[in-house]
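Visitor: Sending over a structure as structure tokens; questions will come in a sec.
Throughout, read-outs are computed from the coordinates displayed, never taken from laboratory work. This one's a predicted model, so the numbers in the text were calculated from it and none came from an experiment. Reconstructed Cβ throughout: ideal geometry from the backbone, glycine too, with neighbour counts over all protein chains shown.
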Amino acid sequence: MELALSPEQEEIRRLAHDFAVKEVKPRAQAIDQDHEFPQDLVDKASQLGLLGILVPEEYGGAGLDHLSFAIVIEEIARFCASTAVIIDVHTSVGTEPIALFGTAEQKRRWLPDLASGKRLAAFALTEADAGSDAAHLKTTATRRDGGYELNGAKMFITNAGHAGLYVVMAATAPGKGAEGISAFVVEAANPGITVGPPFEKMGLNGSAISEVRFDRCQVPSTDRLGMEGDGFKVAMRALDSGRIGISAQAIGLAQGALDDALAYARERKQFGKPIGDFQTIQNKIADMAVKVSAARWLTWATAARCDRGEAFTKEASMTKLFATDSAMEVTLEALQVLGGYGYLEEYPMARRVRDAKACQIYEGTNQIQRVVIARELLRAS
Amino acid sequence: MNFQLSDEQRQIKEMVHDLCLERVEPRAAEIDRSGEFPWDVKKLFQEHDILGIPFPPEYGGVSGSALTLLLAVEEIARFCVTSSLILAVQSLGSLPITLAGTQSQKRTFLPPLARGEKLAAYALTEPGSGSDAGGMRTRAVRHGDTYVLNGSKTFITGGSVADTIVVFARTDQDGDSPARHISAFIVEKDLPGFRVGKLEKKLGIRGSPTAQLFFEDLAIPAANLLGQEGKGFQLAMRVLDHSRPGIAAQALGIAEGAFDVARRYARERRQFGRPIADFEGIQFMLADMATQIEAARVLVYASGDALDRHLPDVTVSSSTAKLFASDMAMRVTTDAVQLLGGYGYLRDFPVERMMRDAKITQIYEGTNEIQRFVIARELLRT
């Protein structure tokens, strides 16, 4: 055991940190208040190679590991969770399924543009009536003219309207549950796709989330990912990796909140001394720091496990559950340290609380994480 | 970043696990009930070189790696916390010698401890100075080649069975700065003036003797002064940086032991015609317990790795691991009792003992309130 970042990991952390401080931090407040998709930041991150972290070098990516991916997402989320989730969804659930399950031809077609950030990716699994119960999809893919015709509607699709392609799960054998699902790559230019207006949300205001409809949407057979019936497996593997990203996002939110709470506790004076001198504030700071530290180690351990090629479904769920619950607790507690100022939208703390809530819900609610964990625990001897 | 244990670490962990499963687990309930120090377990650990784990080979030990020690403590505590204290205290009592001793002191005192021929203890706490360790009143006055020790210590784990005890005392009687007036001494139990007082009756860790120690004109050879005179407080704080992860490992082990019992019970216990593990209410309890355990595990191992790599900021990583793991162990063992329902409350099952044993991990080696204070102080300083 040697728990030090490699020089390569240190380097990507510095790169992501500099980007976050110089570019993301000054924009974060406006992105939230104007509900603006930060295309400028996506472009700048693309130029730095941050959209191709997990893509193999032969397809134009950086070919880095999941721990590096977690580091990049955390650094960005310290200042802007909206920007972090755009890159996270693009990288993990959007692009990685193609890298993992695509044919050589499919990888050559799609990965270079995704790695360079020329196109963004999105992931379309959830439906209005199929959230946690993701195997019971109503969107169908029917064989027609040597290809497939997709019909149905997907809900809560991050990066919708900005993505150049969508990884879509649809039922090729309706009624067969998980075994009847297949995965497809559908190009945004496909005339059969309609993207709804972005939803108004509690937080993550810079991240566009919409409904995506497929109406007699023709998809060639060559755009199917994996075999027919592999779709649920593709989706679950994508989500395992996605959960590392969401955990990293949660840690970034919590670390940013802790940083601000620490600075405030040192400066804010009441009763003639900094509030950091009072034990009640010290206790909050210690509890926050411990949670952030535990969440980060857990996430890194899971990322390292994924990179070793071991099964990591249970670990990804534990990490996601722990990191996101911690982020909710830490952001709320940090807001409390700032008192009335924490409640003002003039400062980033209130935004962090709003953004953190999403982390407990998407990429599998934390209740579903517990179901996954318990299933894995009770399966093993 | 490599999260995998080395082959040697894995082997030691498995060896300790298997040995304790076979030989210690069957003794755990009886050790708790009798409240007697388990000399048989001490002998077992000695025979298997487990007591040598805290010591490097040059002093007769088998490892000296902080992480390896944590793994061993974890595996013992999984079955019997009292027994894990035999190893943890052997480490704690010898740490001041390892950290601050001269070559001659190390050569004299460490090998018998590493071989398990002698037991160590660590005497810092007094009735009037617990968290505020600097306020101690035990005093050592220099007379020629000796220091004369007078005073008393309390809550000394293993104090009644130890042969070699590191005692902290004031050497500057008028000083008002703990950083200057405290010194550490190696005291051997055979010296005249050393007396063991009453053993405490406790909520848990009942087979681990918690003793009062009295020193009456006890003459210590000046050669047994550890480090510089007046630098004892700094040494005590350094020792805590190294020993707190041990308590964290103990807490981790207790929680794992309780979880294993709870999971087994959930699969076997049937109500409403099916195993209670089929109910989501139970599943979520198990998921939360396991998640908390895994979070603690990485923190605990990381704190050991930080010590082994001599990182500069071990104070925070050690306190963090201790605080999180011990609070976690309290929650997990309480949940385990709950999951077993009425049976969990009975002495027939081990989880009520584990819950009683878990409580101490939140208190000793610095209460968790002190850990929070330490962590916040370090963070607010930087």
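Visitor: What FRET efficiency, computed as 1/(1 + (r/R0)^6) with R0 = 25 Å and r the Cβ-Cβ distance, is obtained for B:ASP172 and B:ALA219, rounded to the nearest 0.05?
Guide: 0.85
Visitor: Which whole-number percent gives the relative contact order of chain A, counting Cα pairs below 8 Å spaced six or more residues apart?
Guide: RCO, chain A: 17 percent.
Visitor: For peptide B:277-287, what's the mean number of Cβ atoms from other chains within 10 Å of each residue's Cβ?
Guide: Per-residue shielding by partner chains comes out at 4.
Visitor: Taking the Kirkwood radius as the inverse of the mean 1/r across Cα pairs, report the Rg/Rh of region A:261-381.
Guide: Dividing the radius of gyration by the Kirkwood radius yields 1.10.
Visitor: Given labels modelled 7 Å from the Cα in the Cβ direction, how far is it in nm from A:THR365 to B:LEU21?
Guide: Placing both labels 7 Å beyond Cα along the Cβ direction yields 3.8 nm.
Visitor: Run the helix sum for chain A: -39,500 (n - 2.57) per DSSP H stretch of 4+ residues, divided by residue count, reported at 222 nm to the nearest 500 deg cm²/dmol.
Guide: -16500 deg cm²/dmol
Visitor: Follow-up question, since we're still on this one. Please label the shape of chain A as rounded, prolate or oblate, based on the square roots a ≥ b ≥ c of the eigenvalues of the alpha-carbon gyration tensor (a/c under 1.5 means rounded; beyond that, a/b larger than b/c means prolate, else oblate).
Guide: It is prolate, given that a/c is not under 1.5 and a/b is the larger ratio.
Visitor: So what does the Cα-only Debye profile of region B:271-350 read at q = 0.10, 0.20, 0.22 Å⁻¹, as log10 I(q)/I(0), no solvent term?
Guide: Listed by q, the Debye log ratios stand at -0.36, -0.89, -0.98.
Visitor: I need the calculated FRET efficiency for the pair A:GLU105 and B:GLU268, taking r as the beta carbon distance and R₀ as 45 Å, to the nearest 0.05.
Guide: According to the calculation, E is roughly 0.30.
Visitor: Which whole-number percent is the relative contact order of chain B (Cα, under 8 Å, 6+ apart)?
Guide: Relative contact order, chain B: 16 percent.
Visitor: How would you rank B:HIS17, B:HIS310, A:HIS90, going from fewest to most other Cβ atoms within 10 Å of each one's own Cβ?
Guide: The fewest-first ordering by Cβ neighbours comes to B:HIS310, B:HIS17, A:HIS90.
Visitor: Quantify how much of the Cα-Cα distance distribution of region B:92-169 extends past 17 Å, in percent.
Guide: 52 percent
Visitor: Further question: Volume per residue, Å³, of the convex hull around the alpha-carbon atoms of region A:225-275?
Guide: Spread over its residues, the Cα hull of region A:225-275 gives 57 Å³ apiece.
Visitor: Compute the FRET efficiency between B:LYS43 and B:ARG137 as 1/(1 + (r/R0)^6), taking r as their Cβ-Cβ distance and R0 = 45 Å, and round to the nearest 0.05.
Guide: Once the sixth-power term is evaluated, E becomes 0.75.
Visitor: Next question. Taking every pair of alpha-carbon atoms in region A:65-129, what share in percent sits in each 10 Å bin, from 0 to the bin with the longest distance?
Guide: The percentages, shortest bin first, are 20, 47, 28, 6.
Visitor: Could you state the angle between the C-alpha long axis of helix A:366-379 and the longest principal axis of the C-alpha atoms of chain A, as a value from 0 to 90 degrees rounded to the nearest 10?
Guide: With both axes taken from Cα atoms, the answer is about 70 degrees.
Visitor: Further question on the same structure: Pop a pseudo-label 7 angstrom from the Cα along the beta-carbon direction at both A:ASP40 and B:GLU200 and give the gap in nm to one decimal.
Guide: Taking the two extended label points, one gets 6.2 nm.
Visitor: Something else now. How large is the dipole of chain A about the Cα centre if only Lys and Arg carry +1 and Asp and Glu carry -1, each at its Cβ, rounded to the nearest 20 debye?
Guide: Approximately 500 debye in magnitude.
Visitor: While we're here: Could you work out, residue by residue across A:363-371, how many beta carbons of other chains sit within 10 Å of that residue's beta carbon, and then give the average as an integer?
Guide: For peptide A:363-371, the averaged partner shielding equals 2.
Visitor: Fewest to most neighbouring Cβ within 10 Å: what's the order for B:SER63, B:SER152, A:SER132?
Guide: Least crowded to most crowded, the residues run A:SER132, B:SER152, B:SER63.
Visitor: Another question, if that's okay. Under 10 Å, Cα contacts only: if you run a Gaussian network model on chain B, which one of B:GLN234, B:GLN271, B:GLN338 comes out with the highest mean-square fluctuation?
Guide: Among B:GLN234, B:GLN271, B:GLN338, the largest mean-square fluctuation in the Gaussian network model of chain B belongs to B:GLN271.
Visitor: With a 10 Å cut-off between alpha carbons and a GNM built on chain B, which of B:GLN46, B:GLN250, B:GLN228 moves the most?
Guide: Result for chain B, Cα springs under 10 Å: B:GLN228 fluctuates most.
Visitor: Amide H of A:LEU120 versus every other amide H placed in the peptide plane: which residues, excluding those fewer than 5 positions away on the same chain, fall under 5 Å?
Guide: Here the answer is A:GLY164, A:LEU165, since their amide H atoms fall under 5 Å of that of A:LEU120.
Visitor: Tilt of helix A:279-307 relative to the longest C-alpha principal axis of chain A, in degrees (0 to 90, nearest 10)?
Guide: Taking the Cα atoms of chain A, the angle to A:279-307 is about 30 degrees.
Visitor: Just to compare against my own numbers: the Cα pair-distance distribution for the protein assembly as shown, 10 Å bins, whole % per bin, please.
Guide: Over the protein assembly as shown, the share of Cα pairs per 10 Å bin runs 3, 13, 22, 22, 18, 12, 7, 3, 1, 0, 0 percent.
Visitor: Relative contact order for region A:331-378: what is it in percent, counting Cα pairs under 8 Å that are at least 6 residues apart?
Guide: Dividing the mean separation by the residue count of region A:331-378 yields 24 percent.
Visitor: Which value, in debye to the nearest 20, gives the size of the charge dipole of the protein assembly as shown about its Cα centre, when Lys and Arg are +1 and Asp and Glu are -1 at the Cβ?
Guide: Here the protein assembly as shown has a charge dipole of around 1200 debye.
Visitor: Express the Stokes-Einstein translational diffusion coefficient of region A:167-314 in µm² s⁻¹, to the nearest whole number, given a Kirkwood radius over alpha-carbon pairs, 20 °C and a viscosity of 1.002 mPa s.
Guide: 109 µm²/s
Visitor: Further question: Counting only other chains, and only Cβ atoms inside 10 Å, what mean value do you get across the residues of B:321-331?
Guide: 2
Visitor: Modelled label-to-label distance, A:PHE271 and B:GLN103, 7 Å Cα→beta-carbon offset: nm?
Guide: Roughly 5.5 nm, to one decimal.
Visitor: Please state the Cα pair-distance histogram of region A:186-272 with 10 angstrom bins from zero: what percent is in each bin?
Guide: Histogram of Cα-Cα distances, whole percents per bin: 12, 22, 31, 17, 9, 6, 3, 0.
Visitor: How many Å³ per residue does the convex hull of the Cα positions in region B:126-259 occupy?
Guide: 115 Å³
Visitor: Region B:29-158: D in µm²/s via Stokes-Einstein (Kirkwood Rh, Cα pairs, 20 °C, 1.002 mPa s)?
Guide: Diffusion coefficient, whole number: 133 µm²/s.
Visitor: Counting only Cα atoms, I'd like the Rg/Rh figure for region A:90-204, Kirkwood definition for Rh.
Guide: Radius of gyration over Kirkwood radius for region A:90-204 works out to 0.96.
Visitor: Here's another thing I want to ask about it. Specify the residue with the greatest mean-square fluctuation among A:ASP230, A:ASP287, A:ASP145, computed from a Gaussian network of chain A linking alpha-carbon atoms under 10 Å apart.
Guide: A:ASP145
Visitor: Additional query: If the chain between A:LYS233 and A:LYS25 were fully stretched, how many nm would it gain, using 0.36 nm times the residue separation less the Cα-Cα distance?
Guide: Extra length available between A:LYS233 and A:LYS25 comes to 71.1 nm.
Visitor: For the residues B:TRP39, A:TRP300, what sequence is obtained by ranking on other C-beta atoms within 10 Å, fewest first?
Guide: Ranking B:TRP39, A:TRP300 by Cβ neighbours within 10 Å, fewest first, gives B:TRP39, A:TRP300.
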